[in-house]
Amino acid sequence: APDGSLFMTDWVDKSYTLHGKGRIWRLRAKAPGTKPSVSRCPPDSPALLRMKEVPSATSKESLPGLLTLLGDPDPFLVSAAIGTLARVGGAPYLLEQIGHKDPKIRLGVLLALRRTPDTSAAEKFLEDPDPGVRRAAVQWAGEAGLLPLAAAVEAAASRPPVTQALFEAYLAAMDAFSDRLSQ
């Protein structure tokens, strides 16, 4: 918020139904009206300059540069690149990148595709050799209610290597599927 306060949501219940239990929380300074602290990051720092360039990328020519940012160690740059790739590149460009050799880039492509209406690639990501990419694909299938992919979700969760995060995502997806079937 302009006064520096932070708003958070709390859905309270794992169910996505409108249950009326959720809350909006506001965290603010004890002395309202105090100015938020100024960033210690120098205005000419390379990270800040790179961050400012990402949202301004509006042409198809900027997409390969954004794609490489998906592998950057800075999570803020990765997040900005995901949003911009989804908005500027859209599903047609992102679908061409599914087979990229870098799992970080494949994960970023998956996260960008989730921001588009196209769910056609979800099954392909469920077959990914990287357990982190598969975990994200399982989560996507469960949260989007992609019931036809239930068998592929189960296969993805049992394909080695299996991590705890992948197994937990599988359980959550199966729970989401069963909730949808019972409605």
Per DSSP, the loop-located trypsin sites (Lys or Arg not before Pro) within region 45-134 having at most 15 other beta carbons within 10 Å are 101, 115
From phi via Karplus (6.51, -1.76, 1.60), per-residue ³J(HN,Hα) for region 112-124 in Hz, x at Gly/Pro | 5, 4, 4, 8, 10, x, 7, 10, 5, 8, 4, 5, 4
Rounded to the nearest 10 Å², what accessible area does residue 178 show when all protein chains are kept and the probe is 1.4 Å?
-> 60
Out of these labelled values of log10 I(q)/I(0) by the Debye sum over Cα atoms at q = 0.12, 0.15 Å⁻¹, [x] -0.62, -0.87; [y] -0.82, -1.08; [z] -0.74, -1.02, which was calculated from the coordinates shown here?
-> [z]
Can you give the extra length, in nm with one decimal, that the chain gains between residue 182 and residue 14 once fully stretched, where that is 0.36 nm per residue apart less the Cα-Cα distance?
-> 58.9 nm
Any idea what the relative contact order of region 48-102 is, in percent, if you count C-alpha pairs under 8 Å spaced at least 6 apart?
-> 36
Rounded to the nearest 500 deg cm²/dmol, what is the calculated helix-only ellipticity per residue at 222 nm for the chain, with -39500 (n - 2.57) per DSSP H run of length n ≥ 4?
-> -14500 deg cm²/dmol
Give the accessible surface of region 84-183 per residue, rounded to a whole number of Å², with probe radius 1.4 Å and ligands, DNA and RNA excluded.
-> 50
Kindly flag which residue pairs out of 14/104; 14/60; 52/101 have an alpha-carbon separation exceeding 30 Å in this structure.
-> 14/60
Of region 103-132, those with amide N under 11 Å from the point 7 Å along the Cα→Cβ vector of residue 158 are none
At what distance in nm do the modelled label points of residue 151 and residue 76 sit from each other, each positioned 7 Å from its Cα along Cα→Cβ?
-> 4.7
So how exposed is residue 105, as accessible area in Å² (1.4 Å probe, rounded to 10)?
-> 10
Ignoring ligands and nucleic acids, residue 170 exposes an accessible area, probe 1.4 Å, in Å² to the nearest 10, of 40
Distance (nanometres) between label positions extended 7 Å along Cα→Cβ at residue 171 and residue 123 | 2.9
With an 8 Å cut-off on Cα pairs and a minimum separation of 6 or more residues, tell me the relative contact order of region 16-149 in percent.
-> 15
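The values are calculated or read from the model by the stated rules, or taken from the named source; none is laboratory data. Remember, predicted model here, so these are calculated numbers, not experimental data. All Cβ positions, glycine included, derive from the backbone under ideal geometry; neighbour counts span all protein chains shown. Ligands, DNA and RNA are excluded from the accessible area calculation, which covers all protein heavy atoms including side chains. Shrake-Rupley method; radii C 1.70, N 1.55, O 1.52, S 1.80 Å.
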